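Take a look at the structure set out below.
Computed from the coordinates by the stated procedures, all read-outs in this text should not be read as laboratory data. Everything quoted here is computed from the prediction, not taken from an experiment. Here Cβ is always computed from backbone atoms with ideal geometry, including for glycine, and neighbour counts include all displayed protein chains.
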Amino acid sequence: MASRRQIWVGGVPIGGGAPVVVQSMTKTETADYDATMKQIRAIADAGGDVVRVAIPRDRDVDALRRIVVESPIPVIADIHFNHTLALKSIDAGAHCVRLNPGNIGGPEKVAEVAARAKAARVPMRIGVNSGSLPKHLHELERDNPVEALVTAATEFVALMESLDFEDFKVSIKSTSVPNTIASNRLLSERIDYPLHLGITEAGTKWSGSLKSAVGLGTLLADGVGDTVRISLSTFHAEEEVKVAWEILKALKLRERGPVLIACPTCGRLQFDMDTVVAEIEQRLESYAEPIEVAVLGCAVNGIGEASHADFGITGAKNEGLIFSQGKPLRKVPTERLVDELFAEIDRSLEIGRTEIDDREAAEGAEWLKRIEDENADELTPERMAAMEAAAAKAQDGDEADAVTDALLASADGATDDPAARVKKLKLAEEVSPTAGRRFTRA
Ligand code: SF4
């Protein structure tokens, strides 16, 4: 269940239907003001909405006092064990304080921080980690780690409410992806406070991104989670932000900057796709516009499934084609494809539309048709997908039964009808495992 309550971290709303907030944490010593500010700016430039900084010493609080003034995004003070640092961080102007009520020295100290935060109207993030559950939950943890995590979180929520403090979000962190998913699902049923999602010590850029995409993506697709932090073993915190955005963009929960789509390549590939896609991805990073750019490794399918892309390229050995919204724009030599693509993007963004030169477009269309005709017999992945789409389009409500019959007949080997086999591939939305639970926020 999505959270119903909303808190504000600086000027950023979290929970209660607000867009999912992207955050990261600096990896610098906070006391090193210049290095920390440089990283905060990199995080903000990459699309971070809020940033967390570690406050383990008094000298970090000193730097925090300046950082909260200069930072382009709200700053959360990350506190462990020492409640006086939490108090000092609130006094220093932190926009939020993160602490684990179980390791801050007892309920009296939590109460002291809550009172100071309330007076300063500073929200808190309270969290539990699988590695630091309270002693009385250790036995439960052995039998049922998910229930133990959720119990710890709900006990902390009850503690905060008993202190008359409700301006907080909650996090449950675990290194286990299944436990993260299960515990956050359960917690979202039991409380209506905003939830912070993350996978503890997720790993390297490669494995950590995948783990986070699976764990956080599953929860977000369910409508669970209000702010995300991707934890990666890299000094470049902005990489965490980029991964978070890719997850949100993939789920269509938020929009930011371009979307790159690229075919997976196959034996029909006609040019050095790896290099070209990497270059395009890197160059697109400097664009803020939510344009969709497609890269197709060959032209044997025509523009096919990339016809909705704002801009795209497809290539053959010596020549390639630039297209826009399904229409060929012009042929160009393969070595100039990327530069010409970006020239076209820049030109179109500048004048607010794509100009079409009829002669060049006709030449491009002719070139494309020739390649398509030469390869008309090939059953490419895209052509199979197009057949599937055509079959799905032809399908109406009543036909669903016929599809099922055809599917069963096909499974029995009683039909060789290709259309029936194509229909078998279709997974209707109403039988999708995430039907009705997706993309509930703007
Ligand atoms: S057939 Fe499809 S997957 Fe293969 S290279 Fe061409 S566009 Fe890419």
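With an 8 Å Cα cut-off and a minimum separation of 6 or more residues, compute the relative contact order for segment 1-57 in percent. Walk me through the numbers on the way to the answer.
Numbers: 68 pairs, mean separation 18.3, N = 57.
Over segment 1-57, the number comes to 32 percent.
Check I261: other-chain or 5+ apart residues with amide H under 5 Å from its amide H, H built from backbone geometry?
It is V293, A294, V295, by chain and number.
Less than 19 Å apart at the alpha-carbon level, and either on another chain or at least 8 residues along: which aspartates and glutamates does that give for K109?
D58, D78, D91, E155, E161, D164, E166, D167
Of all the C-alpha pairs in the chain, what % are more than 36 Å from each other? Before the final figure, lay out each step's value.
Working: 40528 of 97461 pairs.
Of all Cα-Cα pairs in the chain, 42 percent lie more than 36 Å apart.
Going through segment 222-268, which GluC sites (Glu not before Pro) have at most 14 other Cβ atoms within 10 Å and a DSSP loop state?
Details: sites: E238, E239, E240, E246, E255; in loops: E255.
Answer in residue order: E255.
Segment 193-214 to segment 328-394: how many Å between their Cα centroids?
37 Å
Just grab the label-to-label distance for A390 and E281, each label 7 Å out from Cα along the Cβ direction, in nm (one decimal).
Placing both labels 7 Å along Cα→Cβ, they lie 3.4 nm apart.
Kindly point out which whole DSSP H helices in the chain project their C-alpha atoms 15 angstrom or further along the helix axis while averaging a Kyte-Doolittle hydropathy of 0.0 or above. Mind showing how you got there, number by number?
Details: long enough: 33-46 (20 Å, -0.20); 58-70 (19 Å, -0.37); 107-120 (20 Å, -0.12); 145-162 (25 Å, 0.99); 177-190 (20 Å, -0.38); 205-221 (22 Å, 0.59); 237-250 (20 Å, -0.04); 273-284 (16 Å, 0.10); 337-351 (21 Å, 0.43); 358-374 (24 Å, -1.47); 381-394 (20 Å, -0.04); 399-412 (19 Å, 0.38).
Qualifying helices, which must be both long enough and hydrophobic enough, are 145-162, 205-221, 273-284, 337-351, 399-412.
GNM, the chain, Cα, under 10 Å: largest mean-square fluctuation among G312, G102, G131?
G131
Across bins of 10 angstrom width beginning at 0, how are the C-alpha pair distances of segment 178-334 distributed, in whole percent?
10, 31, 28, 20, 9, 2, 0
Please give every one of the aspartates and glutamates within straight-line cross-link reach of K369, meaning a C-alpha to C-alpha distance under 15 Å, and leave out same-chain neighbours fewer than 8 residues apart.
E319, E360, D377, E378
Among the DSSP beta bridges whose two residues both lie in the chain, what percent are antiparallel, rounded to the nearest 5?
Numbers: 14 of 48 bridges.
Roughly 30 percent of the beta bridges in the chain run antiparallel, per DSSP.
Which of the residue pairs K249/K331; K173/K252; K135/K173; K27/K249; K211/K249 have a Cα-Cα distance greater than 21 Å in the structure shown?
On the way: K249/K331 31 Å; K173/K252 24 Å; K135/K173 17 Å; K27/K249 25 Å; K211/K249 17 Å.
Exceeds cut-off: K249/K331; K173/K252; K27/K249.
Quick one: order W245, W8 by neighbouring beta-carbon count within 10 Å, fewest to most. Present the calculation step by step, with values, prior to reporting the outcome.
Details: W245 20, W8 16.
Ordered from fewest to most neighbouring Cβ atoms within 10 Å, W245, W8 come out as W8, W245.
By count of other Cβ within 10 Å, fewest leading, how are R66, R254 ordered?
Working: R66 14, R254 18.
Ordered from fewest to most neighbouring Cβ atoms within 10 Å, R66, R254 come out as R66, R254.
By count of other Cβ within 10 Å, fewest leading, how are R229, R116, R268 ordered? Write out the running numbers ahead of the final one.
Details: R229 28, R116 18, R268 15.
So the residues, fewest neighbours to most, are R268, R116, R229.
How far apart, in nm, are two points set 7 Å out from the Cα along the Cα-to-Cβ line at D346 and at R57?
4.7 nm
Tell me, what is the percent relative contact order of the chain, built from C-alpha pairs under 8 Å that lie six or more residues apart?
Working: 814 pairs, mean separation 53.2, N = 442.
The normalised contact order for the chain reaches 12 percent.
Taking the Cα centroid of segment 273-324 and of segment 42-74, what is the distance between the two, rounded to the nearest whole Å?
Distance between centres, Cα-based: 38 Å.
Given contacts defined as C-alpha pairs under 8 Å and at least six residues apart, what's the relative contact order of segment 259-374, whole-number percent? Numbers along the way, then the final one.
Working: 182 pairs, mean separation 25.2, N = 116.
Relative contact order for segment 259-374 comes out at 22 percent.
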